[in-house]
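The values are calculated or read from the model by the stated rules, or taken from the named source; none is laboratory data. Predicted model only: the values in this text are computed from it and were never measured. Note that we place each Cβ from the backbone using ideal geometry, even for glycine, and neighbour counts take in every protein chain shown. With ligands, DNA and RNA removed, areas are computed over all heavy atoms of the protein, side chains included. Shrake-Rupley method; radii C 1.70, N 1.55, O 1.52, S 1.80 Å.
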Amino acid sequence: MKTYTIGEIAEKYQLSTDTLRYYDKEGLLPFVKKNSAGRRVFTEDDLGYLNVIECLKKSAISVKDIATFMEWCMQGDGTLPDRYAFIVEQETILEAKIQVLEANLAFLRWKKWYYQKANEVGTETIFFEPGTRQVSEKWHQEYENQLSKIVY
(Lines give C-alpha, C1' and ligand atoms only; values in the text may rest on other atoms or scores of the structure.)
Protein backbone atom coordinates (compact mmCIF):
# COMPACT_ATOMS: atom_id res chain seq x y z
CA MET A 1 0.00 0.00 0.00
CA LYS A 2 1.27 3.48 -0.91
CA THR A 3 2.35 5.65 2.00
CA TYR A 4 2.67 9.41 2.36
CA THR A 5 4.80 11.67 4.52
CA ILE A 6 3.27 14.48 6.53
CA GLY A 7 4.70 16.91 3.97
CA GLU A 8 3.00 15.11 1.09
CA ILE A 9 -0.31 15.10 2.96
CA ALA A 10 0.09 18.78 3.82
CA GLU A 11 0.62 19.59 0.16
CA LYS A 12 -2.23 17.35 -1.01
CA TYR A 13 -4.72 18.91 1.42
CA GLN A 14 -3.24 22.42 1.31
CA LEU A 15 -2.59 22.39 5.04
CA SER A 16 0.57 23.17 6.93
CA THR A 17 2.50 20.38 8.60
CA ASP A 18 1.92 22.28 11.86
CA THR A 19 -1.84 21.98 11.31
CA LEU A 20 -1.54 18.24 10.77
CA ARG A 21 0.57 17.91 13.91
CA TYR A 22 -2.05 19.92 15.81
CA TYR A 23 -4.80 17.65 14.46
CA ASP A 24 -2.82 14.65 15.66
CA LYS A 25 -2.24 16.18 19.09
CA GLU A 26 -5.97 16.95 19.42
CA GLY A 27 -7.01 13.41 18.52
CA LEU A 28 -8.22 13.93 14.95
CA LEU A 29 -5.73 11.46 13.49
CA PRO A 30 -5.97 8.34 15.69
CA PHE A 31 -5.56 6.22 12.55
CA VAL A 32 -2.09 7.53 11.67
CA LYS A 33 0.81 5.22 12.43
CA LYS A 34 4.41 6.24 13.14
CA ASN A 35 7.49 4.65 11.67
CA SER A 36 10.54 3.49 13.65
CA ALA A 37 11.91 7.04 13.58
CA GLY A 38 8.69 8.39 15.13
CA ARG A 39 7.52 10.10 11.92
CA ARG A 40 3.87 9.98 10.92
CA VAL A 41 3.15 7.69 7.99
CA PHE A 42 -0.13 8.12 6.15
CA THR A 43 -1.63 5.38 3.96
CA GLU A 44 -4.19 5.27 1.18
CA ASP A 45 -6.75 4.18 3.77
CA ASP A 46 -6.07 7.35 5.78
CA LEU A 47 -7.08 9.60 2.87
CA GLY A 48 -10.77 8.83 3.40
CA TYR A 49 -10.51 9.86 7.04
CA LEU A 50 -8.67 13.03 6.06
CA ASN A 51 -11.44 13.88 3.59
CA VAL A 52 -13.99 13.51 6.39
CA ILE A 53 -11.94 15.70 8.73
CA GLU A 54 -11.56 18.42 6.10
CA CYS A 55 -15.28 18.40 5.34
CA LEU A 56 -16.16 18.63 9.04
CA LYS A 57 -13.62 21.43 9.58
CA LYS A 58 -14.98 23.38 6.59
CA SER A 59 -18.45 22.92 8.08
CA ALA A 60 -17.25 24.81 11.18
CA ILE A 61 -17.44 21.80 13.47
CA SER A 62 -15.18 22.09 16.50
CA VAL A 63 -11.92 20.19 16.73
CA LYS A 64 -13.21 18.54 19.91
CA ASP A 65 -16.34 17.25 18.16
CA ILE A 66 -14.33 16.04 15.17
CA ALA A 67 -11.98 14.20 17.53
CA THR A 68 -14.97 12.50 19.16
CA PHE A 69 -16.32 11.53 15.75
CA MET A 70 -12.95 10.14 14.66
CA GLU A 71 -12.69 8.14 17.86
CA TRP A 72 -16.10 6.64 17.12
CA CYS A 73 -14.83 5.72 13.64
CA MET A 74 -11.90 3.89 15.23
CA GLN A 75 -14.21 2.02 17.62
CA GLY A 76 -16.07 0.37 14.75
CA ASP A 77 -19.63 -0.66 14.05
CA GLY A 78 -20.80 -0.30 17.63
CA THR A 79 -20.72 3.47 17.18
CA LEU A 80 -22.65 3.58 13.89
CA PRO A 81 -25.78 4.99 15.60
CA ASP A 82 -23.69 7.73 17.26
CA ARG A 83 -21.98 8.61 13.99
CA TYR A 84 -25.26 8.69 12.11
CA ALA A 85 -26.89 10.93 14.74
CA PHE A 86 -23.85 13.24 14.68
CA ILE A 87 -23.99 13.60 10.88
CA VAL A 88 -27.75 14.22 10.93
CA GLU A 89 -27.30 16.90 13.60
CA GLN A 90 -24.45 18.56 11.69
CA GLU A 91 -26.48 18.48 8.48
CA THR A 92 -29.33 20.31 10.23
CA ILE A 93 -26.95 22.91 11.65
CA LEU A 94 -25.24 23.44 8.29
CA GLU A 95 -28.58 23.77 6.47
CA ALA A 96 -29.62 26.49 8.93
CA LYS A 97 -26.33 28.32 8.34
CA ILE A 98 -26.83 28.06 4.59
CA GLN A 99 -30.32 29.57 4.90
CA VAL A 100 -28.87 32.52 6.82
CA LEU A 101 -26.09 32.94 4.25
CA GLU A 102 -28.57 32.76 1.37
CA ALA A 103 -30.73 35.45 3.02
CA ASN A 104 -27.65 37.62 3.55
CA LEU A 105 -26.57 37.10 -0.05
CA ALA A 106 -30.04 38.05 -1.31
CA PHE A 107 -29.93 41.24 0.76
CA LEU A 108 -26.45 42.12 -0.50
CA ARG A 109 -27.59 41.59 -4.08
CA TRP A 110 -30.54 43.92 -3.47
CA LYS A 111 -28.19 46.55 -2.06
CA LYS A 112 -25.80 46.07 -5.00
CA TRP A 113 -28.68 46.73 -7.42
CA TYR A 114 -29.82 49.68 -5.30
CA TYR A 115 -26.37 51.31 -5.32
CA GLN A 116 -25.89 50.61 -9.01
CA LYS A 117 -29.11 52.47 -9.79
CA ALA A 118 -28.25 55.28 -7.35
CA ASN A 119 -24.82 55.66 -8.97
CA GLU A 120 -26.38 55.81 -12.44
CA VAL A 121 -28.51 58.82 -11.49
CA GLY A 122 -26.11 60.30 -8.94
CA THR A 123 -28.39 60.07 -5.91
CA GLU A 124 -30.23 57.55 -3.81
CA THR A 125 -33.09 59.93 -3.08
CA ILE A 126 -34.93 58.46 -6.09
CA PHE A 127 -35.72 55.47 -3.90
CA PHE A 128 -37.20 57.35 -0.93
CA GLU A 129 -40.83 57.93 -0.05
CA PRO A 130 -41.42 61.69 -0.29
CA GLY A 131 -40.17 63.53 2.79
CA THR A 132 -38.48 60.42 4.27
CA ARG A 133 -35.40 58.25 3.92
CA GLN A 134 -37.57 55.14 3.68
CA VAL A 135 -37.17 53.14 0.48
CA SER A 136 -40.43 52.90 -1.41
CA GLU A 137 -41.82 49.40 -1.79
CA LYS A 138 -42.11 49.99 -5.55
CA TRP A 139 -38.30 49.74 -5.78
CA HIS A 140 -38.24 46.40 -4.04
CA GLN A 141 -40.92 45.31 -6.50
CA GLU A 142 -38.91 46.55 -9.50
CA TYR A 143 -35.84 44.71 -8.24
CA GLU A 144 -37.86 41.49 -7.82
CA ASN A 145 -39.35 41.91 -11.31
CA GLN A 146 -35.87 42.21 -12.80
CA LEU A 147 -34.76 39.10 -10.90
CA SER A 148 -37.64 37.10 -12.32
CA LYS A 149 -36.46 37.96 -15.85
CA ILE A 150 -33.01 36.47 -15.24
CA VAL A 151 -32.69 32.94 -16.57
CA TYR A 152 -30.09 30.77 -14.82
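The aspartates and glutamates whose alpha-carbon is closer than 20 Å to the alpha-carbon of LYS111, local same-chain residues fewer than 8 away aside, are GLU102, GLU120, GLU124, GLU129, GLU137, GLU142, GLU144. Our Cα-only numbers for the stretch 95-152 put the radius of gyration and Dmax at 13.4, 42 Å. All other residues whose Cβ lies under 14 angstrom from that of TRP72 are scored, Lys and Arg at +1 and Asp and Glu at -1, for a net of -3. Note on exposure: TRP139, TRP72 ranked by accessible area (1.4 Å probe, complete protein assembly) read TRP72, TRP139, with the most exposed listed first. Here is the P(r) of the stretch 23-152: all C-alpha pair distances, binned every 10 Å from 0, give 10, 26, 17, 13, 15, 13, 5, 1 in whole percents. Over the chain, dividing the summed -39,500 (n - 2.57) contributions of all DSSP H runs of at least 4 residues by the number of residues returns a 222 nm mean residue ellipticity of -22000 deg cm²/dmol. Taking every protein chain into account, the accessible area of the stretch 59-135 amounts to 70 square angstrom per residue (probe 1.4 Å).
Can you give me the angle between helix 80-121 and the longest principal axis of the chain, using Cα atoms only, in degrees from 0 to 90, rounded to the nearest 10? That helix lies at roughly 30 degrees to the long axis. In this simple spin-label approximation, GLN146 and GLU26 carry label points 7 Å from Cα along the Cα→Cβ vector, and these lie 4.4 nm apart. On the beta carbon distance between LEU47 and LYS112, with R0 = 41 Å, the FRET formula returns roughly 0.50. For the stretch 35-134, what % of the accessible area comes from carbon and sulfur atoms, probe 1.4 Å? About 55 percent, which is the carbon plus sulfur part of the accessible surface.
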